[in-house]
Amino acid sequence: MKPIVFIDGQEGTTGLQIEERLTGRTDIEQIIIPHHVRKDEVARRDYLNAADLVFLCLPDQAAREAIALIKNPKTRVIDASTAHRTAPGWIYGFPELTRDRRFEIRTAARVSNPGCHATGFLAITAPLVAAQVLPPDTVLSCLSLTGYSGGGKAMIAQYQAEGRPEALNAPRIYSLAFAHKHIPEILAQSGLAAPPLFIPIVDDYYAGIALTIPLHKSQLTEALTSPDLRDILAAHYQGEPFISVPPFAAEESLASPGFIEANAHVGTNHLELLVFGDGDRTLLTARFDNLGKGASGAAVQNMNIMLGLPETAGL
């Protein structure tokens with residue numbers, strides 16, 4: 001029998017993107033709750049418990065409430081909200097993060113899908129901490145440029161409205177008190193003891209993230225150069241279907257020499273790690289689709305792993 005899959009919150013941005021990636025799949029059976037009862041607790045409970053795997057594409061509190069409705073011990077869950085990313089008993093769904101993570105996801109009943117900014121930050125830092133070249137007590141600076149779709153349906157509507165405020169025509173820095181909701185999962189998964197100085201920026205384009213961390217050789221435990229750091233990342237992600245690390249200072253990866261565009265991989269589940277610098281000073285950039293590897297694409301990748309399907313199916 002084909003595994004039965006249900007999206008709770010199908011009409012949100014992430015749910016719609018997951019649905020798009022599942023369309024045409026013949027290796028699963030998707031059940032869809034009728035629109036008129038999608039907020040009815042009894043109906044939702046029936047659908048949640050009828051599925052082999054559930055995607056929760058809901059606000060945090062609604063995701064917690066959905067978990068309480070699941071009584072079927074065979075129903076497995078991927079939660080795309082922030083609610084369970086640091087919760088006990090949940091596996092953090094970043095398959096490429098550690099050597100054992102795929103197996104943990106494959107056997108898990110509960111998987112939390114990573115946040116978009118956290119995905120880029122962890123892709124860069126976790127391998128360097130694990131290789132013991134980046135001290136755990138390092139206080140990093142990080143700038144993350146994202147398209148407005150990361151703000152969900154309300155922000156999308158705001159940016160796409162006629163007569164919108166002039167302020168939306170320019171990049172906007174936010175999380176001014178360094179209290180971004182992705183910081184707890186970053187600390188839980190990176191191996192770093194100190195929260196980064198994380199500066200997110202939303203700009204007037206739909207999708208794509210370019211998250212950048214600058215490093216100086218004095219921050220490292222060894223006398224490593226910029227190409228050395230690139231090689232550590234390349235070794236960690238060798239053979240990964242969705243993460244690539246081009247050669248050091250690979251200008252051919254850029255649409256325009258000297259400029260890293262944030263929307264290069266929109267519509268894909270691809271995450272690219274770019275390394276530039278002068279040897280002593282290094283610029284490490286993760287660029288990917290905030291709706292792809294940063295959300296819905298990652299969720300489908302996790303589903304494939306959990307259900308024993310080809311990891312790249314639908315992606």
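The values are calculated or read from the model by the stated rules, or taken from the named source; none is laboratory data. It should be emphasised that the depicted structure is a prediction, and the values quoted were computed from it without experimental measurement. Reconstructed Cβ throughout: ideal geometry from the backbone, glycine too, with neighbour counts over all protein chains shown. What goes into the accessible areas is simple: the full protein's heavy atoms, side chains included, and nothing from ligands, DNA or RNA. Shrake-Rupley method; radii C 1.70, N 1.55, O 1.52, S 1.80 Å.
Give the residues of the stretch 129-148 that are under 18 Å from Ala286 (Cβ atoms) and in contact with a Gly (Cβ under 9 Å, 6 or more places away or on another chain), sorted by residue number. Val129, Ala130, Leu134, Cys142, Ser144, Leu145, Thr146, Gly147 - these are the residues of the stretch 129-148 that are under 18 Å from Ala286 (Cβ atoms) and in contact with a Gly (Cβ under 9 Å, 6 or more places away or on another chain). Of the residues making up the stretch 42-66, those that are farther than 18 Å from Gly12 by Cα and more than 20 Å from the chain's Cα centre (by Cα) are Val42, Ala43, Arg45, Asp46, Asn49, Ala50, Ala51, Asp52.
Selection of strands (runs of 3 or more DSSP E) fully inside the stretch 44-132 by the criterion of at least 3 residues being open to solvent by less than 10 Å² (accessible area, probe 1.4 Å) returns 53-56, 76-79. Comparison of Asn263, Asn269, Asn290 shows that the only residue that is open to solvent by 60 Å² or more (accessible area, probe 1.4 Å) and either part of a helix (DSSP H, G or I) or under 16 Å from Gly120 (Cβ atoms) (or both) is Asn263.
Here is a yes/no grid of residues against (1) of a type in the set (Gly, Ala, Ser); (2) in contact with a helix residue (DSSP H, G or I) (Cβ under 7 Å, 6 or more places away or on another chain):
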| residue | (1), (2) |
| --- | --- |
| Val275 | no, yes |
| Gly279 | yes, yes |
| Gly294 | yes, yes |
| Asn304 | no, no |
| Glu311 | no, yes |
| Leu315 | no, yes |
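Note on the stretch 175-204: residues that are in contact with a helix residue (DSSP H, G or I) (Cβ under 7 Å, 6 or more places away or on another chain) and among the hydroxyl-bearing types (Ser, Thr, Tyr) total 1.
Of all the numbered requirements in (1) among the β-branched types (Val, Ile, Thr); (2) within 15 Å of Met155 (Cβ to Cβ); (3) assigned to a loop (DSSP other than H, G, I, E, B), Thr221 misses one, and that requirement is (2). Does the stretch 212-228 include one or more residues that are of a type in the set (Val, Ile, Thr) and within 18 Å of the chain's Cα centre (by Cα)? There is at least one residue in the stretch 212-228 that is of a type in the set (Val, Ile, Thr) and within 18 Å of the chain's Cα centre (by Cα). I need a count of the residues in the stretch 15-30 that are open to solvent by 40 Å² or more (accessible area, probe 1.4 Å) and among the basic types (Lys, Arg). Count: 0.
To keep it simple, each residue is scored yes or no on (1) touching a residue at least 60 places away in the same chain (Cβ under 8 Å); (2) under 19 Å from Ala207 (Cα atoms); (3) under 20 Å from the mean Cα position of the chain (by Cα).
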{"residue": "Gly239", "(1), (2), (3)": "no, no, yes"}
{"residue": "Gly258", "(1), (2), (3)": "no, no, no"}
{"residue": "Leu273", "(1), (2), (3)": "yes, yes, yes"}
{"residue": "Phe276", "(1), (2), (3)": "no, no, no"}
{"residue": "Leu283", "(1), (2), (3)": "yes, no, no"}
{"residue": "Ala295", "(1), (2), (3)": "yes, yes, yes"}
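Could you please let me know if Glu252 is in a helix (DSSP H, G or I) and modelled with pLDDT under 95?
So Glu252 fits the description; yes.
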